[in-house]
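The values are calculated or read from the model by the stated rules, or taken from the named source; none is laboratory data. Source: prediction; values computed, not measured. FYI the Cβ positions are ideal-geometry reconstructions off the backbone, even for glycines, and counts take in every protein chain you see. Calculation scope for accessible area: heavy atoms of the full protein, side chains included, ligands and nucleic acids excluded. Shrake-Rupley method; radii C 1.70, N 1.55, O 1.52, S 1.80 Å.
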Amino acid sequence: MTATLRSMHLHDLITAHTRKDFSALRHDMSVQQALATIRQDGVGERIIYFYVVDDEGRLAGVVPTRRLLTADLDKPLSEIMIGSVVAIPDTATVLDACEFFLMYKFLAFPVVNDQRHLIGTAEIGVFTDEVFDIAEREQSDAIFEAMGFRLAQVRDASPLTAFRYRFPWLLATIASGTLCAMLTSVYEVTLRSSLVLAFFLTLVLGLGESVSIQSMTVTIQALRATSPTRRWYFQSLWREVRTAGCLGAACGLTVGLVVWIWRGTGWAGVAIGGGIFLSLIAACAFGLTVPALLHALRLDPKIAAGPMTLALTDIATLLFYFSLAALIL
């Protein structure tokens, strides 16, 4: 499925992707009558909930399958149904429906018109299979990841509300930037003695941030599919450290050679290349540790991990970079 086609699906009306093989049960039916109606009418392959309508055909409640199968046969549906039903309006798009799944974590939603008449159901299995193409799960994961940015809290919110939600996390970037500036001033003498360090400072920081974001993204994806344990953490850390060692050695050697060829200063190349090597190992470690720690504290790693990981990575990068330069040069 191409990106253009996927984008078009997101803006389709949800009615184009709803199932019509649902059972609408009257609220005055008994459980026995409801089961007889279900046997007579049949159900679709993926029915998850049974919806109850009133005398005028409007959505009145929902009966989970387990509750319907275990209730007394003579009990009316009005007594076992859940009266408060979250429904998707038929004017909603697929993107709007995605928001419902993210917000409420239900497996299915009824789709109703403006008079609350039931016209279909939107189920999570159909949603992932037909709209996002399960053969390209990594693309659909990326879409859900982007929407996971508290979509319900920031969409259609006032500028002040959005500011109050997003600004606190940016304070981590401001704080780390201020601390990095202070750290740089401590190594002012080192910078004066070897100006080439300043030339490559942006590159070194960029490499560390890129690697930390890569590790953080992989870790967040892993946390969705596994329950982290101490053993999982140390196994993952060992794997990340080995990966970081290869990345750091390759990047450090490349940049070191560039410094030596361009400036003719071998020791400066060693200092810069060594700083890159150490900083990338730290970056991988932070990319794994920060989201894992936030997950353990029951905080949302998708929101907080980015600013915190980048802040710690920048600080560690500067410390390794300038400390090694001060020691060698």
**Prompt:** Any idea how far apart Trp232 and Arg263 come out in nm if each label point goes 7 Å out from Cα toward Cβ?
**Reply:** 4.4
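For segment 203-288, what is the accessible area per residue in Å², given a 1.4 Å probe and the full set of protein chains? Please report the intermediate quantities before stating the final value.
On the way: 4550 Å² over 86 residues.
Accessible surface, normalised per residue, equals 53 Å².
Quick one: if the Förster radius is 45 Å, what FRET efficiency do Leu107 and Met182 give, using the C-beta to C-beta distance and rounding to 0.05?
After rounding to 0.05, the efficiency reads 0.30.
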**Asked** Which ³J(HN,Hα) values, rounded to whole Hz and listed in residue order, are derived for segment 82-98 from phi using the Karplus coefficients 6.51, -1.76 and 1.60 in 6.51 cos²θ - 1.76 cosθ + 1.60 with θ = phi - 60°, glycine and proline given as x?
**Response** 8, x, 8, 10, 7, 10, 8, x, 5, 8, 6, 8, 4, 4, 4, 5, 4
**Request:** Mind listing the long-range amide H neighbours of Tyr51? Cut-off is under 5 Å, sequence gap 5 or more, other chains count too, H placed in the peptide plane at 1.01 Å from N.
**Result:** Ser23, Leu25, Val63
**Asked** Radius of gyration and Dmax for segment 204-329's Cα atoms, expressed in Å?
**Response** 15.7, 51
**Cα→Cβ-extended label distance, 7 Å offset, between His27 and Ser210, nm** = 6.2
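Excluding Ser236 itself, calculate the net charge of residues whose Cβ lies under 13 Å from the Cβ of Ser236, where each Lys or Arg counts +1 and each Asp or Glu counts -1. Let's see the in-between values first.
Details: positive: Arg230, Arg231, Arg239, Arg242; negative: Glu240.
Residues close to Ser236 contribute a combined charge of +3.
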**Request:** For Ser193 paired with Arg164, estimate the spin-label separation in nm (one decimal), with each label point 7 Å from Cα along the Cα-to-Cβ line.
**Result:** 5.2
**Item:** Rg/Rh for segment 271-326, where both radii come from Cα atoms and Rh is the Kirkwood radius
**Value:** 1.10
**Message:** How much length would be gained if the chain were fully extended between Ala250 and Thr173, taking 0.36 nm per residue of separation minus their Cα-Cα distance, in nm to one decimal?
**Reply:** 24.9 nm
